[in-house]
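The numbers here are math on the coordinates, done by the rules we state, and not lab data. Every value quoted in this text rests on a predicted model; they were computed, and no experiment measured them. Don't worry about glycine lacking a Cβ; one is built from the backbone with ideal geometry, like all the others, and counts go over all protein chains shown.
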Amino acid sequence: MAAHYLGFDFSTQQLKVIAVNEHLRVVYEDNVQFDKDLPEFGTQGGVRIHSDKLTVTSPVLMWIKALDIILERMKSSGFNFSQVKALSGTGQQHGSVYWKQGAQKVLQTLSAHLPLHSQLDSCFSITESPIWMDSSTAAECRHLEQAAGGAQALADITGSRAYERFTGNQIAKIYKQSAAAYAQTERISLVSSFGASLFLGDYAPIDCSDGSGMNLLDIYKKMWSEECLNACAPDLNGRLGCVQAASSILGSVSSYYIQRYGFRDDCRVVAFTGDNPASLAGMRLEEGDIAISLGTSDTLFLWIQDPAPALEGHIFCNPVQAQDYMALLCYKNGSLMREKIRDCCPSGSWEEFSKVLQSTSPGNNGNIGFYFDVMEITPHAIGIHRFNANKQKVSEFPMDVEVRALVEGQFMAKRIHAERLGYKIMPQTRILATGGASCNEHILQVLSDVFNAPVYTIATANSACLGSAYRAAHALAMQTSGSTFAEVVKLAEEHTLVVTPRTGADQIYQPLLKRYAECESIVILESQNISMN
Ligand code: ADP
Ligand code: XUL
């Protein structure tokens, strides 16, 4: 009988699912868009931005309802769940879910006659889950860094200095502001391990790779750091449970899925992980490659063996090879910022945005722009800043200059920060692009020109979801025959070469990158002044 593997992605704007067959070909793909398909939650881009503009949450019940919808749709389309040998999944990183006392019992005794959301609706002590876009925990970050002996000391343990969106700081804020809700909390999950818990019918462990995005895990010992836990909230260890390797098989699907959807009783649930680690798996990253994901957030990641945590960027445990690591840079002002500038074009369409990129020339005649609608992570800066060819600040650009300045600026920042992490572009460098905007060839052309390297994609822009299906197949193969991830994904389709750098691009961007870095220093200073006033 044919074997299928499922991957689920609880991402910022939608829940996605992909099924692959035993040859790792995609046989089913669907998504539930939170804003459009679940309007009763009133989210924008899947999130709620609170009035302080810093607090950003998503309703946990919305994610559960989305799972009910997607499974029902699969069932009505005739999807044969009994062929699924294993499933795994992924979630936006850093977001946290607070299960109320008694919730474990409810998870273990779900009735197959009812949808999940109606049974789990009173299972959460915090119903608005803080997510990665939140930047309201500056005070908690300062406290954690102090407790660990400084920013670098914290990075040396957890792979990152303190970041506002990292879960330990979010938990510390919840403990401070809602001590009663914290006291009622039986378990804290990441979005990924929350997804796994729904399928397992029990609390699923946090995996090491997504666990690295919490400022709580010792990434070398792969255990919680007592020092960090104690600095965030009391009795945290018990609420987090143990961590496990990302390729662990956690158990079989709960009887709920067997009875309601016809899953087989030995369908395995493989640990869920963060979307960036899952993307690394889906892109089949190899040493020397650089992956760029252009989703709600823009991220850039590399596979590394000898990590050197710094004050910029993050080091996570590697999701497919337990002894290795991955480096990651994350940019908050990704697709949503591009959408904002796109909407300034007369027709507000991606076609027009692309035409403008095509009709303007690389280097933008020396004009440079920084577009940070929300406080950026690297650099820590906010606002829109435009510089003309003489490095003078200007208040506006014509629309076509603006579009190119935005896209060139976003990619120049990525190249500069990757090089600061020690990354070197070599003649054999491949850029692997994924995420929603990677279907746009004109955006990828600018990426290729700025990095002076060819850009490849895979058949789906949803690499995190696909990577989860691959990880499910790998965990089973590892258990039965000890296969490595690389051996298992050899079957997958080749990457597709989409664009190569235009002649002369390197000569244009070398000096412009230098100017961009100089302008960035000015922008950082100005942002500091804005936040002080
Ligand atoms: P996430 O998984 O983080 O929810 P996706 O990776 O699915 O997000 O990316 C969604 C984004 O992709 C949208 O916000 C949209 O701006 C962007 N996108 C979709 N199509 C295009 C296009 N043709 N050109 C540029 N960006 C696009
Ligand atoms: C990574 C990050 C985002 C989220 C949402 O550190 O914050 O990429 O994982 O995609």
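If each Cα of the chain is one equal point scatterer, what is log10 of I(q)/I(0) from the Debye formula at q = 0.06, 0.07, 0.09, 0.12 Å⁻¹? Log10 of I(q)/I(0), two decimals: -0.27, -0.37, -0.62, -1.13. Note on the chain: dipole from Cβ charges, positive end direction compared against Y220, A464, G42; the farthest Cα belongs to G42. Where only DSSP H runs of four or more residues are counted, the chain gives -11500 deg cm²/dmol as its mean residue ellipticity at 222 nm, each run worth -39500 (n - 2.57).
Taking Cα atoms, how many degrees apart are the long axis of helix 167-177 and the longest axis of the chain, rounded to 10 and kept between 0 and 90? The angle comes out near 70 degrees. In region 447-482, whose amide N lies under 13 Å from the spot 7 Å out along Cα-to-Cβ of D506? List them in ranges. Within reach of a label on D506, which here means backbone N under 13 Å from a point 7 Å along Cα→Cβ, region 447-482 contributes 449-454.
Counting only DSSP beta bridges whose two residues both lie in the chain, roughly 75 percent are antiparallel.
Counting only alpha carbon atoms, the long axis of helix 505-532 and the longest principal axis of the chain meet at about 70°. Placing +1 on the Cβ of each Lys and Arg and -1 on the Cβ of each Asp and Glu in the chain, which of A310, A139, V269 has its Cα farthest towards the positive end of the resulting dipole? Farthest along the dipole direction, towards plus: V269. The angle separating the long axis of helix 60-76 from the principal Cα axis of greatest extent in the chain is about 70 degrees.
Modelled this way, with points 7 Å down the Cα-to-C-beta line, the labels at D30 and N230 are 5.0 nm from one another.
Rounded to the nearest 0.05, the FRET efficiency derived from the C-beta distance between S481 and K222 at R0 = 22 Å is 0.35. Charge dipole (Cα centre; +1 on Lys/Arg Cβ, -1 on Asp/Glu Cβ; no other charges) of region 71-135 amounts to roughly 300 debye. Applying a 4.7 Å cutoff between beta carbons, the unpaired cysteines of the chain are C123, C141, C228, C232, C242, C267, C330, C344, C345, C439, C465, C519. Among the trypsin sites (Lys or Arg not before Pro) found in region 374-409, those both in a DSSP coil and sparsely packed, with 12 or fewer other Cβ atoms within 10 Å of their Cβ, are K391. Enter the Cα centre distance for the pair region 311-390 and region 1-73, rounded to the nearest angstrom. Cα centroid to Cα centroid, the span is 24 Å.
The convex hull drawn around the Cα atoms of region 4-277, when projected onto a plane and averaged over every direction, covers 13.6 nm². Gain on full extension, evaluated as 0.36 nm per residue between H23 and C439 minus their Cα-Cα distance, stands at 147.4 nm. On full extension, the segment bounded by L491 and Q321 gains 59.4 nm, given 0.36 nm per residue less the C-alpha separation.
Simple rule: put +1 on each Lys or Arg Cβ and -1 on each Asp or Glu Cβ in the chain, find the dipole, and look at I258, M1, Q410; the Cα lying farthest toward the positive end is I258. In this structure, K424 and A517 have a Cβ-Cβ separation that, at R0 = 22 Å, corresponds to a calculated FRET efficiency of about 0.85.
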